[in-house]
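Have a look at the structure below before the remarks.
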Amino acid sequence: MNFDYSDDQKFLKNEARKFLDGNCTSAHVRKVLDNVELSYDADLWKGVGAQGWLGAAIPEEHGGLGLGRVELCAIAEELGRACAPIPFASTVYFLAEALMLAGSDAQKAKWLPKIAAGELIGAFATSEGPGVVNAANLQANVVGGKLTGVKIPVTDGDIADLAVVLANEGGKPGLFLVELAGAGVTRETLKTLDPTRSVAKISFSGAAAERLGDAGEGFALTEAVFDRAAVLLAFEQLGGSDRCLEMAKDYAMDRYAFGRTIAGYQAIKHKLADMYVKNELARSNAYFGAWALNVGAAELPIAAAAARVASSEAFWFASKENVQTHGGMGFTWAVDCHLYYRRSRQLALVAGAPKVWKERLVQQLERRNAA
Amino acid sequence: MDFNDSPEEAAFRIEVRTWLEANAPKKVDTKKMSEPEILKLAKAWQATKAAARFTCMTWPEALGGRGATPIQNVIYNQEESKFDVPRGFFDIGLGMCVPTVMAFANDETKQRFVAPAVRGEEIWCQLFSEPSAGSDVAGLRTRAVKDGDDWVINGQKVWTSGAHYCDFGILLVRTNPDVPKHKGLTMFWIDMKAPGVEVRPIHQMSGGSNFNEVYFTDLRINDSQRLGAVGDGWKVALVTLMNERLAVGGSTGPNYAEIMALARSTVTEDGNALANDAFREKLADWYVQAEGLKLTRFRTMTALSRGQTPGPESSIGKIISANQLQDLSNSAIELEDQFGIITDTAIAPMEAAFQQSLMWAPGLRIAGGTDEILKNIIAERVLGLPGDVRVDKDVAFKDMPTGR
């Protein structure tokens with residue numbers, strides 16, 4: 001039984017924390033928050049690339065470090081804790097995972113080294129409007145290698161170089177690689193709940209599109225990519241939840257009311273204990289997801305769903321009760337509570353809302369039961 | 001991360017499994033049996049385990065154990081849980097009471113009591129809680145007054161599991177009411193069959209009687225039955241309670257799999273209950289919680305297996321499991337709609353398992369630390385938040401205000 005990070009993984013995680021403590025402070029996050037022209041922190045993005053994190057899980061033959069997914073999870077946990085304002089998830093959890101899952105040898109050889117080298121930002125475009133995209137309402141369409149349609153919202157769509165797009169071709173749903181600097185692509189940055197992460201509307205009118213994976217497999221591949229991303233996102237959520245509990249504790253210990261620290265009142269203690277319990281349940285479920293992702297276990301779909309549901313719930317609870325613990329100060333722009341409140345929503349929605357994942361989880365239970 | 005045993009652990013697991021296959025008693029239907037009949041089976045199984053040293057495994061060999069590691073203990077329990085053997089009669093005695101005796105009694109007392117307890121011949125109970133001292137157990141009122149070499153005891157204990165079949169108990173009493181409450185306590189061991197001890201079963205809201213009231217009327221015991229110094233009872237009790245978390249196991253009762261089976265066979269206003277969106281969302285939540293707890297135990301095992309002390313993650317279990325049992329049971333009976341009111345095991349789905357757990361769950365949220373006390377423990381010992389303001393710290397026990 002070894003259900004924890006190894007010593008080497010803990011070392012890597014600790015190094016990541018040290019790097020982010022210096023290079024991703026609240027001031028760095030706020031620079032992106034407060035400047036509408038800024039979509040991400042370009043210096044941090046370069047720094048993260050120089051650390052090798054972008055290629056942590058990319059095989060050495062494609063220019064990566066060839067580490068396991070558990071190492072990537074350790075990095076993700078620290079990025080979530082620091083509320084990092086960079087397109088890491090879009091590029092690494094979505095694009096790189098999609099390429100490694102479904103890419104041809106040529107596609108992998110062409111794009112993975114660029115990701116590992118920090119030369120390319122990715123995006124994953126499925127949604128076309130409010131609600132869930134499905135076979136009945138999917139509008140984006142590819143004819144003769146040219147994509148037409150609108151994708152909204154696309155996280156990091158305004159700064160990405162390469163997008164994976166879900167679209168029909170000859171009536172069959174597929175995934176397609178689209179270079180966003182090419183002709184036939186119009187992009188518009190959108191206002192969102194979390195301005196520290198960038199989101200765009202992308203309109204395609206005859207943009208060159210190359211299929212990624214088999215024709216007809218668009219939705220199955222999307223689900224498979226989401227399973228992988230969900231585990232990695234769960235670690236970002238976990239890092240954020242832990243940070244919220246820490247912030248709430250630190251504030252409560254120093255805040256005095258009615259002649260004593262508010263950390264001594266049971267109303268506060270029980271709130272923080274509830275945060276702790278949810279964070280630990282999320283951690284255990286996330287660890288199982290990391291194991292399943294790392295070894296490519298058959299349990300990945302249910303493990304990913306459980307990790308996503310538990311981490312989404314933990315981060316939402318911790319982020320909102322962190323504001324509450326801070327009282328009036330928590331409601332100000334100046335105090336960092338809202339950064340995590342915002343990020344908890346961004347992370348809970350980006351790979352599909354928790355409700356969708358609960359349904360996927362129950363479908364897996366039904367499948368297991370039928371088997 | 002992996003879930004594999006180390007080679008040594010795997011070898012031990014095989015040894016345990018082989019032994020269990022050869023020695024575990026055949027499954028018997030205990031539903032129609034009386035408690036004394038089940039107890040007889042349990043004592044026989046305990047004797048078999050003791051002879052092979054598969055009980056109290058982490059204790060030294062001289063005391064009947066095998067000097068096993070905590071992880072070996074976990075492996076044994078995992079393997080034994082796959083067999084339908086009688087359980088539950090010895091956990092409190094061997095998990096909490098006898099270790100306290102071992103830590104504080106003289107050699108003669110240890111010689112007399114440890115071995116028979118390990119073999120299951122004598123069972124021990126823990127006499128701490130009182131009607132006026134539950135979460136605040138140090139506020140207990142049972143008095144012991146010195147009389148020559150003896151102590152004379154008067155008072156009442158409550159919530160004593162198994163007192164009606166136990167042979168001995170460890171008893172926490174007040175020996176000095178003139179000092180603040182924690183400082184006036186002393187621990188003794190007593191013979192539960194002695195004159196002056198009266199055991200009365202408590203009729204629980206669930207209908208059953210798993211716990212007792214124990215009354216002491218001029219119970220006379222010798223000073224040699226004292227465990228620890230006079231006035232040191234609280235320190236001794238902390239040793240007992242430290243073992244509690246290890247002795248009290250996970251909860252039993254229906255879980256997500258059972259309610260899923262119920263939903264599959266239940267028709268609601270809009271078709272099969274398992275097709276209902278609201279139900280499916282709850283089912284996912286229960287699964288995530290139950291899996292989270294199971295996986296948290298794996299993290300505890302990892303710490304044990306690395307020779308570390310398990311971290312605070314082990315403290316979250318009962319808060320989650322007890323509340324989930326209550327919530328899930330209620331959802332199940334509401335799923336049954338009007339039929340949910342029926343508790344007749346011959347008629348109600350799953351032999352009324354959900355109705356039974358609905359009535360048992362409130363007790364589970366209270367026993368061994370209420371939800372509220374457990375949250376205080378997490379807040380204070382895990383997160384390091386300050387303790388509550390205390391108005392009873394420097395007040396002599398006799399001067400403390402009391403309610404009913």
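The values are calculated or read from the model by the stated rules, or taken from the named source; none is laboratory data. This one's a predicted model, so the numbers in the text were calculated from it and none came from an experiment. FYI the Cβ positions are ideal-geometry reconstructions off the backbone, even for glycines, and counts take in every protein chain you see. Note: areas computed on protein heavy atoms with side chains; ligands, DNA, RNA excluded. Shrake-Rupley method; radii C 1.70, N 1.55, O 1.52, S 1.80 Å.
For chain B, what does the helix formula give at 222 nm: sum of -39500 (n - 2.57) over DSSP H segments with n ≥ 4, over the residue count, nearest 500 deg cm²/dmol?
Working: 12 runs with 154 residues, N = 404.
Calculated at 222 nm, the ellipticity per residue is -12000 deg cm²/dmol.
Here the accessible area of segment A:219-370 is 56 percent carbon and sulfur, with a 1.4 angstrom probe and all protein chains present.
In percent, what relative contact order does segment A:227-371 have, based on Cα pairs under 8 Å that are 6 or more apart in sequence?
On the way: 175 pairs, mean separation 44.4, N = 145.
Reported relative contact order: 31 percent.
Against chain A, whose longest principal axis is taken from its Cα atoms, helix A:266-295 shows a tilt of about 30°.
As a length-normalised measure over Cα pairs under 8 Å and 6 or more apart, the relative contact order of chain B settles at 13 percent. Binning all Cα-Cα separations of segment B:317-368 at 5 Å, short to long from zero, yields these whole-percent fractions: 5, 24, 29, 19, 13, 8, 2. Taking the Cα centre of the protein assembly as shown as origin and assigning +1 to Lys and Arg Cβ atoms and -1 to Asp and Glu Cβ atoms, the resulting dipole is close to 820 debye.
Run the accessible area of chain B with a 1.4 Å probe and give the carbon-and-sulfur part as a rounded percent. Display every interim value, and only then the final one.
On the way: 10440 of 19810 Å².
Whole-percent figure for carbon plus sulfur exposure: 53.
Applying a threshold of 25 Å to the alpha-carbon distances of A:K201/B:K282; B:K157/B:K398; A:K355/B:K375; B:K110/B:K193; B:K43/B:K110 flags A:K201/B:K282; A:K355/B:K375 as lying beyond it.
When the other protein chains are added to the chain by itself, burial of at least 20 square angstrom of heavy-atom accessible area (probe 1.4 Å, ligands and nucleic acids ignored) affects these residues of segment B:1-50: B:M1, B:D2, B:F3. Using C-alpha pairs below 8 Å separated by at least 6 residues, the relative contact order for chain A is 15 percent.
From the P(r) of chain B, can you give the percent of Cα pairs sitting at distances over 30 Å? Numbers along the way, then the final one.
On the way: 40309 of 81406 pairs.
Tail of P(r) above 30 Å: 50 percent of Cα pairs.
Over all Cα pairs of segment A:296-355, how is the pair count split among 10 Å bins, expressed in % and running from 0 up to the last occupied bin? Binned Cα distances yield the sequence 23, 41, 24, 9, 3. Surface analysis of the protein assembly as shown yields an accessible area of 44 Å² per residue, using protein heavy atoms and a 1.4 Å probe. The eigenvalues of the Cα gyration tensor, multiplied by 5 and square-rooted, give segment A:122-216 an equivalent ellipsoid with semi-axes of 21, 15, 11 Å from largest to smallest. For chain B, the Cβ-based charge dipole about the Cα centre amounts to some 880 debye (Lys, Arg positive; Asp, Glu negative; other atoms uncharged). For segment A:1-103, the convex hull spanned by the alpha carbon atoms encloses 109 Å³ per residue. A DSSP coil position with no more than 15 other Cβ atoms inside 10 Å describes the following GluC sites (Glu not before Pro) in segment B:66-121: B:E121.
Averaged over the residues of A:251-260, the number of partner chain Cβ atoms lying within 10 Å of the residue Cβ comes to 1. Simple point charges give the picture: +1 on the Cβ of Lys and Arg, -1 on the Cβ of Asp and Glu, and for chain A a dipole about the Cα centre of about 940 debye.
Mind checking the alpha-carbon convex hull of chain A and giving the volume per residue in Å³? Numbers along the way, then the final one.
On the way: hull volume 53.6 nm³, N = 371.
For chain A, the hull spanned by Cα atoms encloses 145 Å³ per residue.
Each of A:A123, A:G206, A:A248 was scored by the projection of its Cα onto the charge dipole of chain A, and the greatest displacement toward the positive side belongs to A:A248; charges sit on the C-beta of Lys, Arg, Asp and Glu. Pairwise inverse Cα distances across the protein assembly as shown, averaged and inverted, put the Kirkwood hydrodynamic radius at 29.4 Å.
With distances taken between every two different alpha-carbon atoms, segment B:2-135 has a Kirkwood hydrodynamic radius of 16.4 Å. Solvent-free Debye calculation, one equal scatterer per alpha-carbon of segment B:112-239: log10 I(q)/I(0) at 0.19, 0.21 Å⁻¹ equals -1.07, -1.28.
Accessible surface buried by the B/A pair amounts to about 4400 Å², both sides summed, 1.4 Å probe. Pairs of Cα atoms in segment B:218-364 fall into 5 Å distance bins, from 0 up to the last occupied one, in shares of 2, 8, 14, 15, 13, 11, 9, 8, 7, 5, 4, 2, 1, 0, 0 percent.
Rounded to the nearest 10 degrees, the inclination of helix B:7-23 to the longest alpha-carbon principal axis of chain B is 90 degrees. Once the Cα atoms are used to define both axes, helix B:233-242 deviates from the longest principal axis of chain B by about 20 degrees. With helices as the sole contributors, chain A gives -17000 deg cm²/dmol at 222 nm; each DSSP H run of n ≥ 4 counts as -39500 (n - 2.57), and the sum is divided by every residue.
So which trypsin sites (Lys or Arg not before Pro) in segment A:136-210 pass both tests, a DSSP loop state and at most 12 other Cβ atoms within 10 Å of the Cβ?
Numbers: sites: A:K146, A:K151, A:R187, A:K191, A:R197, A:K201; in loops: A:K191, A:R197.
Answer by residue number: A:K191.
Quotient of the Cα radius of gyration of segment A:219-370 and 2.2 N^0.38 Å, N being its number of residues: 1.17.
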